[in-house]
Amino acid sequence: MKKILYVVSFLVIASMIITACATPATEAPMAEIPATEAATEIPATQEPADPNSLPRNETLYFNGQQWGPVVGWNPYSNSMNNALGIAQQDNSRVVMFETPYLYNMLDGNMYPLLADGDFTWNADRTEITFKMNAAAHWSDGTPLTAEDVAYTWATHVKYNTPVGSANMPYVENIEATDAETVVVKAKLGEDGKAVNPLLVAGYLSTNYVIQKAWTETLEARVAGDTTALLADTAEDVVWSGPYSKYFADDTKVVFIRDDNYWGQDASMWGKLPSPKYLAHVIFKDNAAGTTALQAGEVDVSQQFNSNVQDLWLTQGLPISTYLPEAPYQIGATLPTAFFNLNTPGLDQAAVRKAIAIAVDYPTIIANAMTNQSATFDQAPRSLMNPTAGEQASYDSAAVKDLQWAGNDVEGAKKLLDDAGVVDTDGDGLREYNGKNLSFVATCPNGWSDWQAAIEVVAAAGKEIGIEITTNYPEWAVYQTVVTKSDTPLPEGYDIFMMWSDGAGPTQPWGRIRKLMSSEFIGMPSNWNGNWGQYTNPEADALIASIPAETDEAKLKETYTALVKMYLTDVPSFTLMYRPQSFHTVNESIWTNFPHNGDGTNPPVPPLDLTDGWSIAGLYNLTLVNP
Amino acid sequence: MLKGYLKYFLNKLGWFALTFVFAFLLNFILPRLMPGDPVAAIVSRFAQGMSNTSGVQAIYEQYTELFGTNKPMTEQFFIYLKNVARGDFGFSFSQYPRTVADVIKSSIWWTIALQFPAIIVGWLIGNTLGALAAYLKGGFDKVLMPISLFVSNFPTFGMAVIFMVVFGVNLKWFPTSGGYGFDLIPNFSWNFIQSVIVHYQLPFWSIVVIAIGGQAIGMRSMSIYELNADYVKYSRFMGIKDRKIVGYVFRNAMLPQVTGLALSIGTMVGGALVAEIVFSYPGLGTTLLRAVLGQDYPLISAVTLIITVMALFANFIIEILYGFIDPRIKATQSD
């Protein structure tokens, strides 16, 4: 009896295992299949051979952009959570919607996309004129004209969209003088000059052109209500770009190539982009994304993969970065530690500079960035990112004696001694106005690369007789405190990390403004910069003079003066360089990705193959095994 | 008899209604007590590209108005109450303009499809093993008992991580994340169903294995108790066949286990959300995690409300059934 039971129990368990495996097969997929949605989303003209699977050698997979489910496809809205499709920024994502021009962060130039030829300023620099490419048309086949450009702007203004409210202080109007010609009128100051010509020109490579006819449909649907317009998910949107929506659920988003894309005209790309599908699986975190990259399930990785070189050196995978050696990536943004200029002690430039020069930057770069950042010997600190264009914009020789590469403990001590900030009571801590110098360094909890950097900053304090403790609030709390610039920062935010602008058509001016301009002090919700609340009228005047300046020599002089001020006053200091987008590629399926010195002209920047001029890279891709 | 039962029923209903009111209040208040400003988080998502100062402020105000976070919390509560009564949980903050109902609708089926079979299978296997251990004794029991004790005390996430490392990362038998293949679009093909089954295994078994342990321990104790009961001995003396006796024994031992099953199903949705998160499995767990990270009050409130209501409902049903099954409970309660 018992023996039989042993056998029976084994059989029962085995059968349960089998049934258990079978049960979900009928339940799980049924719940999730948006059968009707998927069917309606696929444009009738481009029915793929097998609508249910993405052939590996026709699909380019991304990670690091999309961290949650896509909400919609509305190019007027900023809340579609559609990172792969919609991003109007310095290097706009031109997968589904397109801008008149494409910015190339490597050479700093703007290249025409929807536009035909370069744009021109009038003599007073108050108006920009450009022509539209006659070949451009919408996905519904209708021509894309200057009228669409003008109507897009009019809609932004009428509904006060994020794009509208951001640009209205600089752009007076955008008009179509005929079907091909667009005139962008700059807002003029009291002196009759454009308020900010730099931002007016920047508009052309930053903002999408949206179809007038579809916009009118949308307006009718929302009956003129702004909130409804921005919340509309735009399932019926008309696009002009090479890809459009194909599938989206809680786990992924897929775009399909539009084989009627206008850009295959000889006046633009002359062909279609190589991948038929662009897909992005939504990963839980960086670790999950790295696992997929290793497994060859991701081709283009726009996320931080720690110790990226191990992927090819140790694991022997066909994975590479834009540069073959450290720093592997092209640095573009400057993660920065800000000093709270209202904290007693930190209001002294000597104290700020002493802390900044004592910090062990090589350790930060090795720990926080696993060497995916140029060092401060390779790219000496200024206000510029390490790209050649920005490095050439100031006179580095003139500020050489102000720059520091870190670990200068003796220099820091001397600086403090000379300023009279010394330890008089022998407790090992220096005093200022009779009080021990003790600060809190902070950044959001869980931002491990930033936390690693902040720990190194705190360690530097100990070396020079300044107590620096660390504290890591949740991002939800941190961001509310740091961006509240209408009051002094509270206790616990003496030294804190935030970002700075990357590469774009208005840089380095935009970054310098956000690091140094006092115009942001007083904002109850400041998402721009100068969070430490630095005030220097001289710097403000120089920053304000740059956008209208056309004389290259004068510009260089101004930038050099600003770098001098920044390195002397040290209101904040750069801790490392970080790329605009991390760019790591797996060449198991696709090859011919942009790499340094790949011979492309103009050079294709390492930006996901979707942003600004980097989309040119999509046309260069070839299959490893055709 | 019926009057006494009605009194018992109303008494229970009253208490559950009261519990529900407090649970509902806490569901609303607790997420909102988190420090931080969800609207600032939303604004931060797109303010980085904006170079003008008033623009960001305008967007911020637009969203505080839309989500009502600029109103006092009591006012927010009554608006929430009114909307929930109509079945409207409002917009999700973190996935705006998606509604909370839409977000939950697309994730809850994954959770049910994962947890319901896991609970049933864990229960069946656990009880079978427990009963066998009690009956077979000896080596089987000596091996099973310590293993069950060990396994049942594992937190779900611990088991999930072990399974992921062993079977996903090292052995590469199963994928480590997602609900179906990275290269598929959901459809009714064999290819897709197979992919779902493969992705299902690790989260499923990490829940089942823990459930088996707990159920086996309970069933074993009950069975041992019943096997030593007088009626068993008496039946043996009477010469009744072993198999028949075993049938009686397990039916009696089963009763409390059935209660346990009902409770597990009631608390199912809240049960093992962590396993979903570990495996990036689409479902309520992942949704809840995203909601918490995004300070998505309406979504957090709605998900926790579902969990609360299901747990309360299951408890209520069990209490009522107890009243029917065991008159002693009703008698003591209604005194």
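For the stretch B:185-200, which residues satisfy the criterion of being surrounded by 20 or more Cβ atoms within 10 Å (Cβ to Cβ) and at pLDDT 85 or above?
Hits for the stretch B:185-200 are B:F192, B:S195, B:V196, B:H199, B:Y200.
Among the listed residues A:M523, A:M565, A:M576, identify the single one that is assigned to a helix (DSSP H, G or I) and out of contact with any strand residue (DSSP E or B) (no Cβ under 7 Å at 6 or more places or on another chain).
On the way: A:M523 fails: assigned to a helix (DSSP H, G or I); A:M576 fails: assigned to a helix (DSSP H, G or I).
Of the residues listed, the single one that is assigned to a helix (DSSP H, G or I) and out of contact with any strand residue (DSSP E or B) (no Cβ under 7 Å at 6 or more places or on another chain) is A:M565.
Residue under question is B:Q201, and the condition is that it be within 19 Å of the chain's Cα centre (by Cα), of a type in the set (S, T, N, Q) and within 12 Å of chain A (Cβ to nearest Cβ); does it hold?
Working: within 19 Å of the chain's Cα centre (by Cα): yes; of a type in the set (S, T, N, Q): yes; within 12 Å of chain A (Cβ to nearest Cβ): yes.
Judged against the criteria, B:Q201 is a match.
Name the one entry in A:E190, A:E216, A:E235, A:E180 that is at pLDDT 95 or above and acidic (D, E).
A:E216
Restricting attention to the stretch A:242-295, and to residues there that are acidic (D, E) and more than 10 Å from chain B (Cβ to nearest Cβ), which single residue is nearest to the chain's Cα centre (by Cα)?
Let us first name the residues in the stretch A:242-295 that are acidic (D, E), namely A:249-250, A:258-259, A:265, A:285.
This time we only want the ones that are more than 10 Å from chain B (Cβ to nearest Cβ), so: A:258-259, A:265.
Working: A:D258: 26, A:D259: 29, A:D265: 30 Å.
Within the stretch A:242-295, the match that is nearest to the chain's Cα centre (by Cα) is A:D258.
Please state which of the following conditions A:A541 fails to meet, knowing it meets all the rest: (1) free of Cβ contacts under 8 Å to residues at least 12 places away in the same chain; (2) closer than 27 Å to A:I364 by Cα.
The number of the failed condition is (2).
Please list, ordered by first then second residue, the pairs with beta carbon atoms under 7 Å, 6 or more apart or interchain, first in the stretch A:509-525 and in the same structural domain as A:E549 (by TED's automatic domain parsing) and surrounded by fewer than 21 Cβ atoms within 10 Å (Cβ to Cβ), second at pLDDT 90 or above and aromatic (F, W, Y).
Pairs that qualify, where the first residue is in the same structural domain as A:E549 (by TED's automatic domain parsing) and surrounded by fewer than 21 Cβ atoms within 10 Å (Cβ to Cβ) and the partner is at pLDDT 90 or above and aromatic (F, W, Y), are A:S518/A:Y534.
Does B:G178 count as at positive phi, of a type outside the set (V, I, T) and in contact (Cβ under 8 Å) with a residue 60 or more places away in the chain?
Working: at positive phi: yes; of a type outside the set (V, I, T): yes; in contact (Cβ under 8 Å) with a residue 60 or more places away in the chain: yes.
For B:G178, the condition - at positive phi, of a type outside the set (V, I, T) and in contact (Cβ under 8 Å) with a residue 60 or more places away in the chain - is met.
Pick out the one residue from A:Y76, A:Y61, A:Y101 that is closer than 30 Å to A:N305 by Cα and at pLDDT 85 or above.
On the way: A:Y76 fails: closer than 30 Å to A:N305 by Cα; A:Y101 fails: closer than 30 Å to A:N305 by Cα.
Just one listed residue meets the conditions, A:Y61.
Could you tell me which residue of the stretch A:285-307 is surrounded by the fewest Cβ atoms within 10 Å (Cβ to Cβ), considering only residues that are free of Cβ contacts under 8 Å to residues at least 12 places away in the same chain and farther than 12 Å from A:G64 by Cα?
Taking the stretch A:285-307 and keeping what is free of Cβ contacts under 8 Å to residues at least 12 places away in the same chain, we get A:285, A:287-288, A:291, A:295.
With the extra rule that they be farther than 12 Å from A:G64 by Cα, the set shrinks to A:291, A:295.
Details: A:T291: 18, A:A295: 15.
This residue is A:A295.
If B:P175 satisfies all but one of (1) within 14 Å of chain A (Cβ to nearest Cβ); (2) closer than 27 Å to B:A291 by Cβ; (3) under 20 Å from the mean Cα position of the chain (by Cα), what's the number of the condition it fails?
Status for B:P175: all satisfied but (3).
Any residue at all in the stretch A:271-280 that is in contact (Cβ under 8 Å) with a residue 24 or more places away in the chain and among the basic types (K, R)?
Filtering the stretch A:271-280 for residues in contact (Cβ under 8 Å) with a residue 24 or more places away in the chain gives A:271-280.
This time we only want the ones that are among the basic types (K, R), so: A:271, A:276.
Yes, some residue in the stretch A:271-280 is in contact (Cβ under 8 Å) with a residue 24 or more places away in the chain and among the basic types (K, R).
Give A:T470, A:T442, A:T424 a once-over and let me know the one that is buried (at least 24 other Cβ atoms within 10 Å of the Cβ), of a type in the set (V, I, T) and touching an Asp or Glu at 6+ places or on another chain (Cβ under 9 Å).
Values: A:T470 fails: buried (at least 24 other Cβ atoms within 10 Å of the Cβ); A:T424 fails: buried (at least 24 other Cβ atoms within 10 Å of the Cβ).
Exactly one residue qualifies, and that residue is A:T442.
Within the group A:D501, A:D425, A:D449, which residue is at pLDDT below 90, in contact with a strand residue (DSSP E or B) (Cβ under 9 Å, 6 or more places away or on another chain) and part of a helix (DSSP H, G or I)?
Details: A:D501 fails: part of a helix (DSSP H, G or I); A:D425 fails: part of a helix (DSSP H, G or I).
The conditions single out A:D449.
From A:D486, A:D494, A:D501, which residue is among the charged types (D, E, K, R), touching a Lys or Arg at 6+ places or on another chain (Cβ under 6 Å) and either crowded, with 20+ Cβ neighbours inside 10 Å or within 11 Å of chain B (Cβ to nearest Cβ) (or both)?
Working: A:D486 fails: touching a Lys or Arg at 6+ places or on another chain (Cβ under 6 Å); A:D494 fails: touching a Lys or Arg at 6+ places or on another chain (Cβ under 6 Å).
Only one candidate qualifies: A:D501.
More than 12 Å from chain A (Cβ to nearest Cβ) and in a helix (DSSP H, G or I): does that describe B:F167?
Values: more than 12 Å from chain A (Cβ to nearest Cβ): yes; in a helix (DSSP H, G or I): yes.
For B:F167, the condition - more than 12 Å from chain A (Cβ to nearest Cβ) and in a helix (DSSP H, G or I) - is met.
Limited to the stretch B:152-181, what total is found for residues that are surrounded by 15 or more Cβ atoms within 10 Å (Cβ to Cβ) and out of contact with any Pro (no Cβ under 8 Å at 6 or more places or on another chain)? Break it down stepwise before answering.
Kept after step one, since they are surrounded by 15 or more Cβ atoms within 10 Å (Cβ to Cβ), are these residues of the stretch B:152-181: B:152, B:154, B:156-157, B:159-161, B:163-164, B:167-168, B:174-181.
If we keep only those that are out of contact with any Pro (no Cβ under 8 Å at 6 or more places or on another chain) too, we end up with B:152, B:154, B:156-157, B:159, B:161, B:163-164, B:167, B:174-177.
Count: 13.
Within the stretch A:162-171, does at least one residue satisfy the condition of being hydroxyl-bearing (S, T, Y), surrounded by 18 or more Cβ atoms within 10 Å (Cβ to Cβ), modelled with pLDDT of 95 or more and at negative phi?
From the stretch A:162-171, those hydroxyl-bearing (S, T, Y) are A:165, A:170; that's our starting set.
So of that shortlist, the ones also surrounded by 18 or more Cβ atoms within 10 Å (Cβ to Cβ) come out as A:165, A:170.
Now narrow it down to the ones that are modelled with pLDDT of 95 or more: none.
No; the residues of the stretch A:162-171 include none that is hydroxyl-bearing (S, T, Y), surrounded by 18 or more Cβ atoms within 10 Å (Cβ to Cβ), modelled with pLDDT of 95 or more and at negative phi.
Across the stretch B:58-108, which residue is farthest from A:N167 (Cα to Cα) among those that are among the basic types (K, R) and outside any helix (DSSP H, G or I)? Spell out the reasoning first.
Within the stretch B:58-108, the subset among the basic types (K, R) is B:71, B:82, B:86, B:98, B:105.
So of that shortlist, the ones also outside any helix (DSSP H, G or I) come out as B:71, B:86, B:98.
Numbers: B:K71: 30, B:R86: 41, B:R98: 28 Å.
The residue in question is B:R86.
Go through the residues of the stretch A:349-364 one by one and say whether even a single one is closer than 21 Å to A:Q294 by Cα, of a type outside the set (G, A, S), buried (at least 20 other Cβ atoms within 10 Å of the Cβ) and in the same structural domain as A:V422 (by TED's automatic domain parsing).
If we filter the stretch A:349-364 for residues that are closer than 21 Å to A:Q294 by Cα, which is where we start, we get none.
No.
B:G126 - would you say it is more than 8 Å from chain A (Cβ to nearest Cβ), farther than 18 Å from B:F204 by Cβ and part of a helix (DSSP H, G or I)? So that I can check it myself, show each step before the final result.
Numbers: more than 8 Å from chain A (Cβ to nearest Cβ): yes; farther than 18 Å from B:F204 by Cβ: no; part of a helix (DSSP H, G or I): yes.
For B:G126, the condition - more than 8 Å from chain A (Cβ to nearest Cβ), farther than 18 Å from B:F204 by Cβ and part of a helix (DSSP H, G or I) - is not met.
Here is a list: A:A368, A:A398, A:A412. Which entry is buried (at least 21 other Cβ atoms within 10 Å of the Cβ), assigned by TED's automatic domain parsing to the domain that holds A:Q451 and more than 27 Å from the chain's Cα centre (by Cα)?
Result of the check over A:A368, A:A398, A:A412: A:A412.
What number of residues within the stretch A:480-525 satisfy the criterion of being of a type outside the set (S, T, Y) and within 18 Å of the chain's Cα centre (by Cα)? Walk me through how you get there before you give the answer.
Filtering the stretch A:480-525 for residues of a type outside the set (S, T, Y) gives A:481-482, A:484, A:486, A:488-492, A:494-499, A:501-505, A:507-516, A:519-524.
Remaining after also requiring within 18 Å of the chain's Cα centre (by Cα): A:497-499, A:501-505, A:507-515.
Total satisfying the criteria: 17.
The values are calculated or read from the model by the stated rules, or taken from the named source; none is laboratory data. Since the model is a prediction, treat every value here as computed from it, not as a measurement. Here Cβ is always computed from backbone atoms with ideal geometry, including for glycine, and neighbour counts include all displayed protein chains.
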